[in-house]
Amino acid sequence: MATLLLVKCYKPLPPIRFPLLRNSLQTTSHYLSSFNPNNRRLFRCLSSLSSSSQPLIYEKSSSKFNGDNKPQIPPSSTQLWLHNTMTRKKELFTPKVEGKVGMYVCGVTAYDLSHIGHARVYVTFDVLYRYLRHLGYQVHYVRNFTDVDDKIIARANELGEDPISLSRRYCEEFHKDMVHLHCLAPSVEPRVSDHMPQIMDMIKQILDNGFAYRVDGDVYFSVDKLPEYGQLSGRKLEDNRAGERVAVDSRKKNPADFALWKSTLIWIAPDLPDLVIQVSAKEGEPFWESPWGPGRPGWHIECSAMSAAYLGHSFDIHGGGMDLVFPHHENEIAQSCAACKHSNVTFWIHNGFVTIDSEKMSKSLGNFFTIRQVIELYHPLAMRLFLIGTHYRSPINYSVVQLESASERIFYIYQTLKDCENVLSQHDAASLKDLTASDTLDSINKFHNDFVASMCDDLHTPVVLAALSDPLKTINDLLHTRKGKKQAMRLESLAALEKIIRNVLTVLGLNPTSYLEVLQELREKALKRAKLTEDQVLLKIEERTAARKNKEYEKSDAVRKDLAAVGIALMDSPEGTTWRPAVPLELQEQQTAAT
């Protein structure tokens with residue numbers, strides 16, 4: 001008689017709020033219902049700058065400067081262009097529903113701490129999310145958690161832990177990392193384990209439509225049934241192989257066929273032909289009851305089902321890392337189209353890899369650094385600056401010198417803004433006139449135009465960061481130079497410059513709640529890297545001051561150089577000597593040699 005050995009079975013939860021949609025009319029209805037119907041206004045790249053629509057600065061605007069020298073920002077006709085992986089070119093972004101954007105980004109497989117490669121993905125799409133909201137769109141941002149997967153099961157078995165519990169623990173750790181990196185929370189974060197009814201419903205649709213087949217409790221997608229398969233990656237069907245996380249199986253009709261449902265049962269052939277086949281559960285694997293027997297979903301089906309559940313079969317943006325183009329996103333397209341012929345994603349957006357020595361950083365290669373490891377020594381905002389300092393589609397090479405440079409740069413930005421804040425705090429903001437000097441006005445308008453043009457050109461954040469230099473220099477001139485201190489409308493100019501920089505930093509996710517707090521944290525990280533305490537640095541400064549008084553300039557220079565070697569730069573002023581984080585001297589020399 002057949003025997004069945006069961007492990008933990010997870011009951012499917014009741015259907016979630018948005019059921020799986022079956023036709024385009026339902027899709028449109030659902031898509032509209034997922035947003036606030038009271039706000040339908042769309043702003044495009046600051047093309048209409050009124051008091052309600054202008055997100056950067058100033059109450060009023062016109063295309064010219066007026067006689068009172070009120071700060072004016074000329075309207076921009078630039079529209080948002082994004083690179084579409086599907087068409088392999090930049091295209092004008094136009095949402096399916098005016099004023100509303102549906103965006104799905106593939107989340108982490110939660111079985112360990114997240115690494116810098118993950119950080120790049122979610123910082124990239126956080127910038128896109130922030131910028132779309134900045135333009136006035138209502139964005140429904142869905143980012144999933146994969147909490148049912150081979151890697152999770154393997155790790156849980158190693159630790160003797162329940163797979164779902166293990167995954168939920170690492171989901172929480174991921175949330176902590178995202179908070180550190182200033183990534184906004186998505187609108188919703190669905191988990192695979194909570195969406196089994198939707199997943200099973202989609203698999204059933206695919207089977208009913210003739211795009212899948214069953215083998216011994218497993219369900220496979222038949223790629224031969226979909227002539228368009230390979231359109232995203234550009235692969236020809238005959239070149240495809242079983243992809244990552246898809247085991248080679250002789251039962252498949254085509255090696256490229258992939259699992260929609262995986263049986264958690266092992267069918268054991270009997271020793272004698274007249275005995276009934278025995279059935280055993282795979283050890284340590286969670287499973288759910290389904291029309292095809294106990295099992296769990298394949299990797300790809302989860303995102304097709306959950307994106308349809310929350311955004312409908314047709315939505316605006318689907319994103320993730322470049323490594324997901326094939327097989328994951330290719331297979332998602334196949335499944336979604338097989339389940340619903342109206343399925344369509346307008347933009348497929350992918351970020352480039354983080355590399356080490358020109359090799360992709362990944363857990364499977366063992367050449368990765370976790371986010372926690374990096375922010376132990378470097379401030380999370382320095383890490384974010386490093387990540388957006390390269391265009392999101394280009395590879396970015398991880399190095400200590402890059403992080404050191406980012407730390408130095410972000411310290412300069414916040415120190416400048418803090419100095420500006422200190423001066424402005426000594427005056428009543430309400431007493432400041434709505435006026436700005438003409439040369440400051442030029443700086444503001446140039447920065448604004450650079451910001452708009454760069455962000456609307458496929459989120460070219462490195463250009464925006466470079467454009468920060470001029471307004472920051474203008475602030476420092478107004479604060480510290482003799483000419484700047486005497487400039488007419490100096491305080492008004494400082495207030496206007498600080499405000500526009502602060503708003504741009506907010507769009508980039510680089511605006512802290514307190515400049516002073518982050519500056520102190522940056523200093524603490526620099527001391528930790530230098531293996532020094534604040535008191536030790538101050539003693540060195542006193543030693544150098546004494547040497548200078550005694551005209552022992554060689555000794556004085558040696559102290560400065562010793563501190564510079566470990567990333568502590570000394571700054572002399574009439575008020576005395578202070579210090580700031582800097583790129584260590586040896587790394588500076590390496591940078592110079594490399595350029």
| query | touching a residue at least 40 places away in the same chain (Cβ under 8 Å), buried (at least 16 other Cβ atoms within 10 Å of the Cβ) and either under 23 Å from residue 593 (Cα atoms) or assigned by the TED database to the domain that holds residue 475 (or both), is that true of residue 437? | reply | yes
| message | Just to verify a result, which residue in the stretch 198-221, among those that are open to solvent by less than 50 Å² (accessible area, probe 1.4 Å) and out of contact with any helix residue (DSSP H, G or I) (no Cβ under 9 Å at 6 or more places or on another chain), is nearest to residue 331 (Cα to Cα)? | response | 220
| query | Does residue 375 satisfy the condition of being open to solvent by less than 10 Å² (accessible area, probe 1.4 Å), β-branched (Val, Ile, Thr) and touching a residue at least 60 places away in the same chain (Cβ under 8 Å)? | reply | no
| Considering only the stretch 349-365, how many residues are touching a residue at least 24 places away in the same chain (Cβ under 8 Å), open to solvent by 10 Å² or more (accessible area, probe 1.4 Å) and not in a loop (DSSP other than H, G, I, E, B)? | 3
| task | All but one of (1) open to solvent by 90 Å² or more (accessible area, probe 1.4 Å); (2) modelled with pLDDT under 70 hold for residue 236, so report the exception by its number. | result | (2)
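Residue by residue, here is whether (1) part of a helix (DSSP H, G or I); (2) open to solvent by less than 10 Å² (accessible area, probe 1.4 Å); (3) more than 16 Å from residue 107 (Cα to Cα) holds:
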residue: 305; (1), (2), (3): yes, yes, no
residue: 310; (1), (2), (3): yes, no, no
residue: 319; (1), (2), (3): no, yes, no
residue: 330; (1), (2), (3): yes, yes, yes
residue: 333; (1), (2), (3): yes, no, yes
residue: 347; (1), (2), (3): no, yes, yes
| Can you name the condition, by its number, that residue 481 falls short on among (1) in contact (Cβ under 8 Å) with a residue 12 or more places away in the chain; (2) over 30 Å from residue 132 (Cβ atoms); (3) open to solvent by 10 Å² or more (accessible area, probe 1.4 Å)? | (1)
| Verdict on residue 368 being of a type in the set (Phe, Trp, Tyr) and part of a strand (DSSP E or B) | no
| field | In the stretch 521-547, the residues that are open to solvent by less than 80 Å² (accessible area, probe 1.4 Å), assigned to a helix (DSSP H, G or I) and of a type outside the set (A, V, I, L, M) | value | 521, 523, 525, 529, 534, 540, 543, 544, 545
| task | With respect to residue 133, determine if the residue is outside any strand (DSSP E or B) and free of Cβ contacts under 8 Å to residues at least 40 places away in the same chain. | result | yes
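Yes/no per residue for (1) closer than 18 Å to residue 195 by Cα; (2) touching a strand residue (DSSP E or B) at 6+ places or on another chain (Cβ under 7 Å); (3) modelled with pLDDT under 95:
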{"site": "110", "(1), (2), (3)": "yes, yes, no"}
{"site": "125", "(1), (2), (3)": "no, yes, no"}
{"site": "142", "(1), (2), (3)": "yes, yes, no"}
{"site": "160", "(1), (2), (3)": "no, no, yes"}
{"site": "177", "(1), (2), (3)": "no, no, no"}
| said: Of everything in the stretch 390-400, what is hydrophobic (A, V, I, L, M, F, W, C) and buried (at least 20 other Cβ atoms within 10 Å of the Cβ)? Give them in sequence order. | reply: 396
| query | Are any of the residues in the stretch 381-389 open to solvent by 20 Å² or more (accessible area, probe 1.4 Å) and either closer than 14 Å to residue 465 by Cα or touching a residue at least 40 places away in the same chain (Cβ under 8 Å) (or both)? | reply | yes
| Can you pull out the residues in the stretch 390-415 that are part of a loop (DSSP other than H, G, I, E, B) and within 18 Å of residue 464 (Cβ to Cβ)? | 390, 391, 392, 393, 394
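The values are calculated or read from the model by the stated rules, or taken from the named source; none is laboratory data. Every value quoted in this text rests on a predicted model; they were computed, and no experiment measured them. Please note: Cβ atoms are built from the backbone with ideal geometry, for glycine as well, and neighbour counts cover all protein chains shown. To get the accessible areas, we keep the full protein, side chains included, count just its heavy atoms, and leave off ligands, DNA and RNA. Shrake-Rupley method; radii C 1.70, N 1.55, O 1.52, S 1.80 Å.
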